[in-house]
Amino acid sequence: MTSRLTELIARAPWREAVTYRDTWPHEYVLSEKDAQQELLEAVCERFRVEEGVAGRFFGMNNTYLFIGDYKYWLMTHWDDLKSGEDYVLNRARLYRDRRDFVIQPGDTGKPEDYPVNPAYQS
């Protein structure tokens, strides 16, 4: 399953999320518009078999999937997806530190704004 998923990831037409270019740089694909239904389903399957990691982005709970040098997430819970609707699959390069799990106030994603206090995840 992993090689199929990494192949789908490599073929996907990732585009930069320009709104967050200077704060939380990431990329995304659209399941319907970009014909990435198979990729979306493969990611959701990994969530279903509990390979996702619970995390928070400020006050929002989310589930992340870590593959290679990236983390992947959806803005809609993977269990609530409806066939034929367009969903966003996001990915961001890993920081290789606690920001991959907990984003806290004051942390803009820029090295100079890295919070001094340890992250707390409830």
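Per residue of region 25-35, what does 6.51 cos²θ - 1.76 cosθ + 1.60 with θ = phi - 60° give for ³J(HN,Hα)? Whole Hz please, x for Gly and Pro, Karplus curve as stated.
x, 7, 10, 8, 9, 9, 4, 8, 4, 9, 6
With θ set to phi - 60°, apply the Karplus curve 6.51 cos²θ - 1.76 cosθ + 1.60 along region 79-90 and write out the HN-Hα couplings as whole Hz, x wherever there is a Gly or Pro.
With the stated coefficients, region 79-90 comes to 8, 9, 6, 10, 4, x, 8, 8, 10, 9, 10, 9 Hz.
Mind listing the phi-derived Karplus ³J(HN,Hα) values for region 63-70, rounded to whole Hz, using 6.51, -1.76 and 1.60 with θ = phi - 60°, and x for any glycine or proline?
Karplus-based 3J(HN,Hα) across region 63-70 equals 10, 10, 10, 9, 9, x, 9, 10 Hz.
How much length would be gained if the chain were fully extended between E32 and D86, taking 0.36 nm per residue of separation minus their Cα-Cα distance, in nm to one decimal?
19.0 nm
Once amide H atoms are placed 1.01 Å from N in the peptide plane, what residues at a sequence separation of 5 or more from I67, or on another chain, have their amide H within under 5 Å of its amide H?
Counting only residues 5 or more places away or on other chains, the set is Y72.
Each reported figure results from applying straightforward, stated rules to the coordinates on display, with no laboratory input. Quantities reported herein were computed from a predicted structural model and do not represent experimental measurements.
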